[in-house]
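As C-alpha cells, the structure follows; a few thoughts come after it.
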Amino acid sequence: MSKGREAAAGGGGAAAVLLRYLREQNRPYSAQDAFGNLQREHGLGKAAVVKALEQLAQQGRVREKAYGKQKIYFADQEQLPAASDAELRRLDEEITARSAQLQALQQSCRHMEAELKDLNSSMTTSEMSKEIEALRKDCASYTEKLERIKSATNHVTPEEKEKVCREQQLYRREWRRRKRMATELLDAILEGYPKSKKQFFEEVGIETDEEHGVVLPAAL
C-alpha cells in the first residue's frame, strides 16, 4: 500500500489528505470534485470525503459555503502564511502576463473560427472542378453561338429596326383608336337594347379581344 493510501486508511487520514490538498490548491472544491481528484491516488471513498470535509469545517480548519443544495470547501486564508511584497508583485506580474496571453489566444481563436467558417462555406476541390468544367462548356456554347451570329448575313440594320418600330407604334395607335370607337358605338346601342350585353354580342356575332386572350402589345 502506498504512503497516500496508508494515510487515508488510518484514523483521520482522509481529513489530513483533504486539508493538505485544499491548502496546496487554495481554491474552492465541492465534495464531489475533491473525491474525483483524490480518489485514484489516495483511494478515498466519497462518504469518507464528505465526512472529513464536514469535520474540518466544524473544527474551523477549512471554510464552508452553501450554494443551494451544494456545499463548497476551501482553505481558511487566515491559516495560510502571508505572502511577502515580492511574492505579491510576482503574482501580479504573472496575472498580467497570463491575462495578455489569454487575450492573444482568444483573438487567435476568433480568427481561426472565422477562417473555419469561410472554409466550411466554400466549395470543395471536387465541387470546384465540376463547376469549372460546367463553366467551360457554357463558354464554348456561347462562343459558338456568337460566331454564328457574327457570320450571319441577315443582320437587321439600324434603319430597318427604326422602320419596324415606327410601324409598330402606328398599328398600336390605330388598334387603340378603333377599339375605342367600337366600344363607344356598342355602348350607345346597348343603351336602348332590352337584353344584356352578352346576349347582344352573341346575336350579332361580336368577338372581343379578351375572349381570345389578345392584349395590346407593348411598345418596342
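The values are calculated or read from the model by the stated rules, or taken from the named source; none is laboratory data. Since the structure is predicted, the reported quantities are computational estimates derived from the model, not experimental observations. In this analysis, Cβ positions are derived from the backbone assuming ideal geometry, glycine residues included, and neighbour counts consider all displayed protein chains. Accessible surface areas use protein heavy atoms only, side chains included; no ligands, DNA or RNA. Shrake-Rupley method; radii C 1.70, N 1.55, O 1.52, S 1.80 Å.
Arrange the peptides 88-101, 53-66 so that the one whose residues have, on average, the most other Cβ atoms within 10 Å appears first.
Top of the packing list down: 53-66, 88-101.
Between the stretch 31-104 and the stretch 184-213, how far is it from one alpha carbon centroid to the other, in angstrom?
First find each Cα centre; the distance between them is then 99 Å.
Around residue 166, under 12 Å between beta carbons, what's the net of Lys plus Arg minus Asp minus Glu among the other residues?
Its environment carries a net charge of 0.
Heavy atoms only, probe 1.4 Å: what % of the accessible area of the chain goes to carbon and sulfur, would you let me know?
That fraction is 53 percent.
Can you give me the three principal axis dimensions of the chain from its C-alpha atoms, in Å, biggest first?
For the chain, the Cα extents along the three principal axes come out at 120, 62, 41 Å.
Any idea what the relative contact order of the stretch 62-220 is, in percent, if you count C-alpha pairs under 8 Å spaced at least 6 apart?
That works out to 13 percent.
Taking the solvent-accessible surface of protein heavy atoms with a 1.4 Å probe, what is the per residue accessible area of the chain in Å²?
On a per-residue basis, 81 Å².
Hey, if you drop one equal point scatterer on each alpha-carbon of the stretch 128-217 and run the Debye formula without solvent, what base-10 log of I(q)/I(0) do you get at q = 0.17, 0.18, 0.20, 0.26 Å⁻¹?
The computed values of log10 I(q)/I(0) come out as -0.89, -0.94, -1.02, -1.25.
Name all residues of the stretch 195-220 having a backbone nitrogen under 11 Å from the label point set 7 Å from the Cα of residue 165 along its Cα→Cβ direction, giving them as ranges.
The answer is 220.
Calculate the FRET efficiency for residue 69 and residue 47 from the Cβ-Cβ distance with a Förster distance of 25 Å, rounded to the nearest 0.05.
Approximately 0.90, to the nearest 0.05.
Work out, step by step, the length gained on full extension between residue 118 and residue 79: first 0.36 nm times the residue separation, then minus their alpha carbon distance; give nm to one decimal.
Gain on stretching residue 118 to residue 79: 8.6 nm.
Over the alpha carbons of the stretch 158-204, what is the largest minus smallest coordinate on each principal axis, giving the biggest first in Å?
Principal-axis extents of the stretch 158-204 (Cα, largest first): 55, 17, 10 Å.
For the pair residue 110 and residue 55, how long in nm is the line joining their label points, each one 7 Å along Cα→Cβ?
Taking the simple label geometry, residue 110 and residue 55 are separated by 5.1 nm.
Can you compute the helix-only [θ] at 222 nm over the chain? Use -39500 (n - 2.57) per DSSP H run of at least 4 residues, normalise by all residues, nearest 500 deg cm²/dmol.
Counting only the DSSP helices, I get -23500 deg cm²/dmol.
Can you give me the distance in nm between label points at residue 190 and residue 40, each placed 7 Å from the Cα along the Cα-to-Cβ direction?
9.5
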